[in-house]
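Below is one structure, written out as structure tokens; the observations come after it.
The values are calculated or read from the model by the stated rules, or taken from the named source; none is laboratory data. Since we're looking at a predicted model, the values are computed, not measured. In this analysis, Cβ positions are derived from the backbone assuming ideal geometry, glycine residues included, and neighbour counts consider all displayed protein chains.
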Amino acid sequence: MDRMRAHPRLLIPLALALVILLVPASAAAVERTVSVTAKATLQIPNDSATVGLSASAERRTRGAALQAVSKRLRGVIAAVQSIPGVGDGDVKTGRISVRKSFRGERPVYRASEGIGVTLHEPDRAGELIAAAIAAGASGVSGPRFFVGDTEAAYSSALVAAFDKAKAKAAVLAAQAGAVLGPALSISEGGQVEVVPDSTAKAPAADCGVSTQPVKRSSPRCTGTSPPTKPGTSTVTATVGVVFALQ
């Protein structure tokens, strides 16, 4: 049994030999990498628009004023919902107000209510505004054009940023006498940034506020639709990528 046991002094040189063999292997495991950052900016066509509309009416009593403005606003809603690109869920009513004022010594009440309209065919924004005014709208704000699916737009910008980062890394790899390998890590920089290029304001006829219904034949409230151009929105994305070098 004593012959089969290794002497402790013999184990020490053997352990040192194993350490010497392992050191070069560990040093060879160090991987060469290149780290780059890239930013991409895209111009995405605006595919949606919002328009604010309001209706007002004056009567001698609060109830009559509310009834008149409700009737007028129902006509405006029906008119905008007849425009292609406006669905049942694209019209949202706003605040209702009734204010007392005086015509000389006679008190009158002015009721007003607004709606917000989302239009998915933004080229028709001028047509929508003209139809709303002809139906009795007395106030217009917008249109404001924007990109409906911001996530899809941002994803496109991310892809463009990654491609740009890869191209930069390939140039650096060639200068280092290496071949670009796979991406080892990717980090997204910043937040979703979608900026419309401008906020267009379509010219609208001022039909005023009157105690009488708006006449659709009035030259101030009809005519050709004001021209509107949706334009584009700027979408920006930034990525940082670490590539292996082979």
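Could you please find all residues in segment 131-181 being in a strand (DSSP E or B) and under 30 Å from Val117 (Cα atoms)?
Once the filter is applied, which keeps residues that are in a strand (DSSP E or B) and under 30 Å from Val117 (Cα atoms), segment 131-181 yields Gly139, Val140, Ser141, Gly142, Pro143, Arg144, Phe145, Phe146.
Taking the criterion of being surrounded by 19 or more Cβ atoms within 10 Å (Cβ to Cβ) and either without any contact (Cβ under 8 Å) to a residue 12 or more places away in the chain or small (Gly, Ala, Ser) (or both), the residues of segment 115-134 that qualify are Ala125, Gly126, Ala130, Ala131, Ala132, Ala134. Looking at Ser112, is it free of Cβ contacts under 8 Å to residues at least 60 places away in the same chain and either surrounded by 18 or more Cβ atoms within 10 Å (Cβ to Cβ) or not assigned by TED's automatic domain parsing to the domain that holds Ser70 (or both)? Yes, satisfied.
Exactly one residue out of Ala55, Ala64 is in a helix (DSSP H, G or I) and farther than 30 Å from Ala173 by Cβ, and it is Ala64. Criterion first (at pLDDT 70 or above, small (Gly, Ala, Ser), out of contact with any Ser or Thr (no Cβ under 7 Å at 6 or more places or on another chain) and not assigned by TED's automatic domain parsing to the domain that holds Leu119) does Ala152 satisfy it? When the stated conditions are applied, Ala152 passes them. Within segment 71-97, the set of residues being surrounded by 15 or more Cβ atoms within 10 Å (Cβ to Cβ) and either of a type in the set (Gly, Ala, Ser) or part of a strand (DSSP E or B) (or both) comprises Gly75, Ala79, Gly85, Val91. Taken together, the residues in segment 95-132 that are small (Gly, Ala, Ser) and touching a Phe, Trp or Tyr at 6+ places or on another chain (Cβ under 9 Å) amount to 2. Yes or no: Val117 closer than 14 Å to Ala49 by Cβ and either in the same structural domain as Val69 (by TED's automatic domain parsing) or of a type in the set (A, V, I, L, M) (or both)? Yes; evaluated as a whole, the condition is true for this residue.
Could you tell me whether segment 29-44 includes any residue that is under 33 Å from the mean Cα position of the chain (by Cα), small (Gly, Ala, Ser), within 30 Å of Phe243 (Cβ to Cβ) and modelled with pLDDT under 95? Can you show your working first?
Of segment 29-44, the ones under 33 Å from the mean Cα position of the chain (by Cα) are 35-44.
Restricting the remaining residues to those that are small (Gly, Ala, Ser) gives 35, 38, 40.
This time we only want the ones that are within 30 Å of Phe243 (Cβ to Cβ), so: 35, 38, 40.
Next cut, modelled with pLDDT under 95 only: 40.
Among the residues of segment 29-44, at least one is under 33 Å from the mean Cα position of the chain (by Cα), small (Gly, Ala, Ser), within 30 Å of Phe243 (Cβ to Cβ) and modelled with pLDDT under 95, which makes the answer yes.
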